[in-house]
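Enquirer: I am attaching a structure below and will ask some questions about it afterwards.
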């Protein structure tokens, strides 16, 4: 079965891209709703993870999320990314409204680059195109997919607007190089990963293993940190909000890295609480948190 999945990965991905390109956005949203409903039915691990998060994380914080909606918003965002990758910049800006673009461009006037921190929230794959349209050199840090074929296809789409994709496993020097070239460097810090430098920082009321590399680099190099996120609105457009930059000079002492990372987690928490349907609740965010057990 694994061999069959690998053999079908590229043809299925190409078919999905073709479908997303030719279909109107309203139909893609309907399709995302249907697929989200079907994905919520079987007793698979991802659905059990969402239920665990619902009991242990959402309900204590007063959040109510249906499993089908979690899938629908993620799938809708992916389909919109594929669809808009083949549309003009004017059409893209009709769908994606930008708030606070001057905050990013002003940060880059210091010629130190900017670490743009975001999360797997809303249609996050749409975000790197916005700094390019603002006239900024743009790069994103990501990890390779499980297969080289799908990885090449998706990276070509990510690079299509003029974005540089930096492999997370390549070490710190490519990241430093991008910042020295005054790039807006996008990183996502809302997943549990042991492959990078990390610390346990509170996230939605529980300690969660969180990457500390972005905070450490910002403090060592004096690079401004710019939080931003994108949210799907009821009219099926998106709002990309760029927040006030964080000056790393404000964080001093031995706990500076942890304090800055905690503040970034707090920002992500506010986005999730704004509309909890749009975050990836099927990710095991607390898989290494002591005392937090996921279903087998």
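Read-outs throughout are calculated quantities, based only on the coordinates presented, and are distinct from any laboratory measurement. Since the model is a prediction, treat every value here as computed from it, not as a measurement. Neighbour counts run over all protein chains shown; Cβ positions are idealised from the backbone, glycine included.
Enquirer: Quick check: pseudo-label points 7 Å beyond the Cα along Cα→Cβ at residue 12 and residue 55, how many nm apart are they?
Expert: The modelled label-to-label distance comes out at 3.0 nm.
Enquirer: Could I ask something else about it? Take the Cβ-Cβ distance between residue 293 and residue 95 as r, set R0 to 45 Å, and report the resulting FRET efficiency rounded to the nearest 0.05. Before the final figure, lay out each step's value.
Expert: On the way: r = 41 Å, r/R0 = 0.90.
The pair residue 293/residue 95 has a calculated efficiency of 0.65.
Enquirer: Per residue of the chain, what 222 nm ellipticity follows from adding -39500 (n - 2.57) for every DSSP H run with n ≥ 4, rounded to the nearest 500? Can you show the working numbers first?
Expert: Working: 11 runs with 131 residues, N = 296.
Here the helix-only value at 222 nm equals -13500 deg cm²/dmol.
Enquirer: Using the 10 angstrom Cβ neighbour count as an exposure proxy, how do 231, 266 rank, fewest first? List each step's numbers first, then the result.
Expert: On the way: 231 17, 266 13.
The fewest-first ordering by Cβ neighbours comes to 266, 231.
Enquirer: Taking 7 Å along the Cα-to-C-beta vector as the label spot, tell me the residue 167-residue 87 distance in nanometres, rounded to one decimal.
Expert: So the label points at residue 167 and residue 87 sit 3.3 nm apart.
Enquirer: At q = 0.09, 0.14 Å⁻¹, what is the base-10 log of I(q)/I(0) for the stretch 44-156 according to the Debye formula with one equal point scatterer per Cα and no solvent? Please give it to two decimals.
Expert: Result of the Debye calculation: -0.35, -0.81.
Enquirer: Going by a ≥ b ≥ c, the root eigenvalues of the Cα gyration tensor, does the stretch 156-296 fall in the rounded group (a/c under 1.5), the prolate group (a/b larger than b/c) or the oblate group?
Expert: On the way: a/c = 1.40, a/b = 1.09, b/c = 1.28.
Rounded shape, in that the Cα axes give a/c under 1.5.
Enquirer: Also, I was wondering about something else. Rank these for me by crowding, 200, 251, going from fewest to most other beta carbons within 10 Å.
Expert: Values: 200 14, 251 19.
Least crowded to most crowded, the residues run 200, 251.
Enquirer: Using alpha-carbon positions, what is the distance between the centroids of the stretch 136-193 and the stretch 86-106, in Å?
Expert: Spelled out, the Cα-based centre of one part sits 20 Å from the other.
Enquirer: How much FRET efficiency would the formula 1/(1 + (r/R0)^6) give for residue 273 and residue 193, where r is the Cβ-Cβ distance and R0 is 22 Å, rounded to 0.05?
Expert: Details: r = 23 Å, r/R0 = 1.06.
For residue 273 and residue 193, the calculated efficiency is 0.40.
Enquirer: When DSSP beta bridges are limited to those with both residues in the stretch 2-278, what percentage is antiparallel, rounded to the nearest 5? The partial results should precede the final answer.
Expert: On the way: 12 of 32 bridges.
Counting DSSP beta bridges with both partners in the stretch 2-278, the antiparallel share is about 40 percent.
Enquirer: Could you list 249, 223 in order of exposure, starting from the residue whose Cβ has the fewest other Cβ atoms within 10 Å? Please report the intermediate quantities before stating the final value.
Expert: Values: 249 9, 223 23.
Final ranking by Cβ density, sparse to dense: 249, 223.
Enquirer: So what's the chain giving for Cα Rg divided by 2.2 N^0.38 Å, two decimals? Don't skip to the answer; put the middle values down first.
Expert: Details: Rg = 18.9 Å, N = 296, 2.2 N^0.38 = 19.1 Å.
Compared with the compact-globule rule of thumb, the chain sits at 0.99.
Enquirer: Which shape class, rounded, prolate or oblate, goes with the stretch 172-246 when its Cα gyration tensor gives a ≥ b ≥ c as root eigenvalues, a/c under 1.5 marks rounded, and past that a/b bigger than b/c marks prolate?
Expert: Working: a/c = 2.11, a/b = 1.19, b/c = 1.78.
The shape class here is oblate.
Enquirer: Apply the a/c threshold of 1.5 to the C-alpha gyration tensor of the stretch 96-242 and tell me whether it is rounded, prolate or oblate. Please report the intermediate quantities before stating the final value.
Expert: Details: a/c = 1.15, a/b = 1.10, b/c = 1.05.
Judged from the Cα gyration tensor, the stretch 96-242 comes out rounded (a/c under 1.5).
Enquirer: Then there is this: Can you compute the FRET efficiency between residue 258 and residue 48 using 1/(1 + (r/R0)^6), with r the Cβ-Cβ distance and R0 = 30 Å? Round to the nearest 0.05. Each step should come with its number before you reach the end.
Expert: Details: r = 32 Å, r/R0 = 1.05.
According to the calculation, E is roughly 0.40.
Enquirer: Follow-up question, since we're still on this one. Beyond 17 Å, what percent of the Cα pairs of the stretch 223-296 remain? Walk me through the numbers on the way to the answer.
Expert: Working: 1612 of 2701 pairs.
Counting pairs separated by more than 17 Å, the tail of P(r) holds 60 percent.
Enquirer: Taking the C-alpha atoms of the stretch 41-100, how large are the radius of gyration and the largest Cα-Cα span, Dmax, in Å?
Expert: Expressed in Å, the Cα Rg and Dmax of the stretch 41-100 come to 16.3, 44.
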